[in-house]
1. Given (1) of a type outside the set (S, T, Y); (2) touching a residue at least 12 places away in the same chain (Cβ under 8 Å); (3) open to solvent by 70 Å² or more (accessible area, probe 1.4 Å), where does R207 come up short, assuming only one miss?
2. Out of segment 42-86, which residues are more than 20 Å from K256 (Cα to Cα), open to solvent by 50 Å² or more (accessible area, probe 1.4 Å) and not in a strand (DSSP E or B)?
3. Take L230 and decide whether it is of a type outside the set (K, R), closer than 25 Å to G57 by Cβ and either in contact with a helix residue (DSSP H, G or I) (Cβ under 6 Å, 6 or more places away or on another chain) or touching a residue at least 12 places away in the same chain (Cβ under 8 Å) (or both).
4. Taking strands (runs of 3 or more DSSP E) that do not extend beyond segment 156-269, which have at least 1 residues that are modelled with pLDDT under 85 and either within 30 Å of F129 (Cα to Cα) or not β-branched (V, I, T) (or both)?
5. Out of the residues in segment 138-162 that are open to solvent by less than 70 Å² (accessible area, probe 1.4 Å) and not hydrophobic (A, V, I, L, M, F, W, C), state the one that is nearest to F91 (Cα to Cα).
6. For the condition open to solvent by 70 Å² or more (accessible area, probe 1.4 Å), part of a strand (DSSP E or B) and at pLDDT 90 or above, what is the one hit in R126, R115?
7. Among the candidates Q257, Q248, single out the residue that is open to solvent by less than 30 Å² (accessible area, probe 1.4 Å) and of a type in the set (S, T, N, Q).
Amino acid sequence: MKAFSVLTYTLVTSLLAVAISSCAPTLTTTYRLEPVSGDVAMIEGRPVTKAQQNGVGVVASFEREDLEFVTLDIEVKNRTDHAIDVNPSDFHFTALGAAQDTLPEPTNASLALSRAAADPAYEAGRVGFKRKQEEKRLKKAKVLNTILMVAVIASDVSSSSNSRSYREYATNQVAHGIAYQGLAAKRIIDYSTFANRMQRYDYEEYRWRELALKANTLAPGESVRGFVYLPKVANARYLAVNYTIPEQANVPLLFKQELVQQRQGRPRR
């Protein structure tokens, strides 16, 4: 197969794959959590649990699935007689199976599968790095597009001058037309991907700055509320969440996790 034929084939198959994936119905998995421990009550249509140990109280409910996390709406209350330090990364969970048995760590079966909640300060710092990586990816795509365009133009000129018959000339023109259209479509896809990812990073920055529970110090009688982001564990059926203040309190919260599949397709007009 000639080099230009390979180029044309690659562009066309890539575009067909994009078109098919954008039109075909897909199954999406949605995470849902429900508290099953502590003092559970229905508040504003959703189950909310609260637990307390040594004067440290936690009120928690499931908020939503958020990209690579499941989100808990958390309020920490200080009912002690002294100040306490609150940090969202002090929330940890252990993944449990259907029988509430501990799931093993994938990389080491002798360890329990446990994760810490996201640290908003650390995650916010990573957003700038992600933006720079995406800018580098777009620059590489631009360079590749330029190389491909030069190759198509050179092939177009060469084939037009070397065509032995009108049929061969017409065939080459059709093939090169497809290649030009493919390159134009690839540019659109590259820029669309860049824009979508940068928009996601804008949201992530807002999430960590405005929505997440912040690290701070609570005086006696004070409380603080915000979202705590737990990494997804798809095969867990329960999340045994613990809020720990070293040498003072360990507040347990148990959530049942359900994965719901929904079919989504291109909406009909």
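1. With respect to (1) of a type outside the set (S, T, Y); (2) touching a residue at least 12 places away in the same chain (Cβ under 8 Å); (3) open to solvent by 70 Å² or more (accessible area, probe 1.4 Å), R207 is out only on (3).
2. Across segment 42-86, the qualifying residues are N54, R79, D81, H82, A83.
3. Numbers: of a type outside the set (K, R): yes; closer than 25 Å to G57 by Cβ: yes; either in contact with a helix residue (DSSP H, G or I) (Cβ under 6 Å, 6 or more places away or on another chain) or touching a residue at least 12 places away in the same chain (Cβ under 8 Å) (or both): yes.
Yes.
4. Here the list reads 249-264.
5. N145
6. On the way: R126 fails: part of a strand (DSSP E or B).
Only one candidate passes the filter, namely R115.
7. Result of the check over Q257, Q248: Q257.
The values are calculated or read from the model by the stated rules, or taken from the named source; none is laboratory data. Quantities reported herein were computed from a predicted structural model and do not represent experimental measurements. FYI the Cβ positions are ideal-geometry reconstructions off the backbone, even for glycines, and counts take in every protein chain you see. In case anyone asks, the SASA skips ligands and DNA or RNA and just uses the protein heavy atoms, side chains included. Shrake-Rupley method; radii C 1.70, N 1.55, O 1.52, S 1.80 Å.
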